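Beneath this line is the structure, given in structure tokens, with notes to follow.
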Amino acid sequence: MAENVQKDDDVKVKQRTILWFLVFTGFSINYMIRINVNIALIDMLDTVYRKPSNTPNVSIECVATNDVYTNDTENLNNDLIENEHTRLSLERRILDFLSIDYDRDGFNWNEKIQGQILGSFFSFHFLLQLPGGILAAKYGTKLIFGVANFIGCILSSFMPIAAYIDYRILIALKVLQGIICSMCWPSMHHLSAQWIPADERGRFVSSYLGSSFGVAIFYPIFGFIMKAYSWEYVFHFCSLIGLIWWISWQYFVYDSPQKHPRITESEKKYLLEALSSSMQLHDQEQKRKIPWTKILTCSGLWINTIAQFGGIWGLFTILTQGPSYFRFVHKWDSTKIGLVSGLPHLFRSFTAIFIGQFLDYLLQKKCLTRNQVRKLATGICTIGNGIFVLLLAFSGCNALFACICMIIATACHGAVSSGPLAAVIDISPKYAGVLLGIINMICAVPGFVSPIVVSYFTYQNQSTESWKIVYLISAFLLIISGIIYVIFADSTQRKWNNPIKAKEDCDENNEELESLDKKTQK
């Protein structure tokens, strides 16, 4: 259908281009509030606890192998000894004014508590994944995605004071933040299905990888904020940026081309015609019930779940634990950690955009089938990723090699936008939000299990060997999940996506058979 529709190339600034930018920045915001505690944690800890030379559970093996590391460590230790009262902290002033006692030298949290804090966002992140897609279908992605992101950002401002009072309150806030933000990803698939034709989905879904761009940009910014002011302002910065984004989202984004007041007629006509075959925008179609049995017994759903599970385990292990790895193994300060931790995710964003455009081109030119494109992209984001995580496991004290492996591994995962993420829409554009909600419910597990696994192997043992085990587990899950997808995946649109159309086709076939029978009888 879409192949016979006249393109809207005469439109200079397309509304779906603006939509791509707002979605891209929206996912940047979404990941900004996920990662803020990951890097803030390295400065939140007790100053004596953070000093490698004084702490037996922090390895010094890599310090001894290179004079550069030794110099970095000495500079870091001098920074940590600095009187933290000289740093501007609104929370400290409030607590001092109220005469409330708190840990003035930082928090003495061991690896187990750190693991609980790092994994708290994902503890119940599955809770509203499925409702998020359903609510978006009912109330619109503009409301669900916008409000979830905005509330998540505002909650960040309360986390510093919560940390000073009790780390369990901080964990509770991160859990609440994770629950609310769990609606974002599945709700966005509904908007994609309403706005984006099939041959543009790979490029548009690359906007979801704004998440990686957010990590790449905000990790270094957080590092500089911590260096110039204090870790508390990392969380306040998140609230400010979230407010600015939310105002822009409210003005520019609408749930469908029909509802947009500023869209050109040529773009609206093109989109409505291009999407009519997959969306079936009729009242009767919109009111029908969700075919839960068909969805839950769909092999494509579970194959995509396996691929996403492996990919997310590898991604979140690097995303969440990267700052701690460079801090405790390579002894870097917050500024360097921010830069190096963010760099892999910048390359992930570039990979998502480049591969999305390249594979969409191959699809439009019919060089590859849609199923082949999805398998190729998924193979890159899982198997390719896993190979470099495997090399990372054997990097030892070679910080440069570790950085290169981490960058390439994370960059490979950028192909997920043209792989399992786009395949979910291919399987069922109508229920893409529901499918992604189910997938994300299961794939939220790595978010809180991975930090527990890391804390188990690194508890009082911050060595290259303990981190080697962590990365070997990630590499195994990545490669196995990718192999399963490449062998068994099928991203063909299912008939239950449009039962009305399927029924019409069936009626037409029956009419043809009846007509043929009559002719035969004559």
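Could you report region 412-487's accessible area per residue, 1.4 Å probe, as an integer in Å²?
Roughly 28 Å² per residue, with all protein chains present.
Testing the spin-label approximation: label points 7 Å from Cα along Cα→Cβ at I480 and R262. State their distance in nm.
About 5.0 nm separates the two model spin labels.
Rounded to whole Hz and in sequence order, give me ³J(HN,Hα) for region 218-227 from the Karplus expression 6.51 cos²θ - 1.76 cosθ + 1.60, θ = phi - 60°, writing x for Gly and Pro.
7, 4, x, 4, 4, x, 5, 4, 5, 6
For region 348-407, which chymotrypsin sites (Phe, Trp or Tyr not before Pro) are in a loop by DSSP, counting at most 14 other Cβ atoms within 10 Å?
For chymotrypsin sites (Phe, Trp or Tyr not before Pro) across region 348-407 that sit outside H, G, I, E and B with at most 14 neighbouring Cβ atoms in 10 Å, the list reads F394.
Work out how much length Y251 to I94 would gain on full extension: take 0.36 nm times their residue separation and subtract the Cα-Cα distance, in nm to one decimal.
52.9 nm
Any idea how far the Cα center of region 248-272 sits from the one of region 20-47, in Å?
Using only Cα atoms, the two centres lie 30 Å from each other.
Could you give the radius of gyration (one decimal) and Dmax (whole number) of the Cα atoms in region 141-225, in Å?
16.0, 52
Compute for region 361-459: radius of gyration divided by Kirkwood radius, i.e. Rg/Rh, restricted to C-alpha atoms, rounded to two decimals.
The Rg/Rh ratio comes out at 1.08.
Compute the Cα gyration tensor for region 104-257, then decide on rounded, prolate or oblate, letting a ≥ b ≥ c be the square roots of its eigenvalues: rounded whenever a/c is under 1.5, prolate when a/b is larger than b/c in the other cases, and oblate in all that remain.
prolate
Describe numerically, in nm with one decimal, the distance between label points set 7 Å from Cα along Cα→Cβ at F224 and at I113.
3.2
Between region 401-464 and region 323-367, what is the C-alpha centre distance in whole Å?
13
Quick one: of K14/K138; K14/K268; K174/K468; K112/K468; K14/K495, which pairs are farther than 21 Å apart, Cα to Cα?
The pairs that break the limit, which is 21 Å between Cα atoms, are K14/K138; K174/K468; K14/K495.
With a ≥ b ≥ c taken as the square roots of the eigenvalues of the C-alpha gyration tensor of region 281-383, please select rounded if a/c is under 1.5 and otherwise prolate if a/b is larger than b/c or oblate if it is not?
prolate
Which of the peptides 133-141, 313-321 is most tightly packed, and how do the rest follow, going by the mean number of other Cβ atoms within 10 Å of each residue?
Put in order of decreasing packing, that is 313-321, 133-141.
What distance in nm separates the simple spin-label points at I442 and I404, each placed 7 Å from Cα in the Cβ direction?
Inter-label distance under the simple model: 3.7 nm.
Rounded to the nearest 0.05, what FRET efficiency do F124 and L243 have when you use their Cβ-Cβ distance and R0 = 22 Å?
0.30
The values are calculated or read from the model by the stated rules, or taken from the named source; none is laboratory data. Owing to the predicted nature of the structure, the values given are computational and were not obtained by experimental measurement. Neighbour counts are summed over all protein chains in view; Cβ atoms, including those assigned to glycine, are modelled from backbone coordinates with ideal geometry. What goes into the accessible areas is simple: the full protein's heavy atoms, side chains included, and nothing from ligands, DNA or RNA. Shrake-Rupley method; radii C 1.70, N 1.55, O 1.52, S 1.80 Å.
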